[in-house]
Amino acid sequence: MEKKTLDVRGKFCPIPVMEASKAINNVPIGGVLEVLATDPAADPDLKAWAKRMGHEVVSSERLPDGTLRILIRRGK
């Protein structure tokens, strides 16, 4: 499984979703995009975007430093 990381810590919505939308195009179908974000709105926004675009949220967690780590599997 190929995984790419997008670090959008310190950026506020809609920037994390916009950058994830661009970055997912560099991930092969079935591959995973790891997004690291600090904006509290990024969690629901990224999940809604992934569902709308046909991608799968594999996991979503808060790291000890408060960073959101969300894994999105490219669907199409």
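List of remarks:
- Projected label distance in nm at THR5 and ALA41, using a 7 Å step from Cα toward the beta-carbon: 2.6 nm
- All C-alpha pair distances within the chain, sorted into 10 Å bins from zero, spread as 22, 60, 18, 0 percent across the bins.
- Each peptide in 8-14, 61-67 gets a packing score, the mean of other Cβ atoms within 10 Å over its residues, and the list from highest to lowest is 8-14, 61-67.
Every number in this text was worked out from the coordinates using simple rules, so none of it is lab data. Everything quoted here is computed from the prediction, not taken from an experiment. Heads up, the Cβs are rebuilt from the backbone with ideal geometry, glycines too, and the neighbour counts pull from every protein chain shown.
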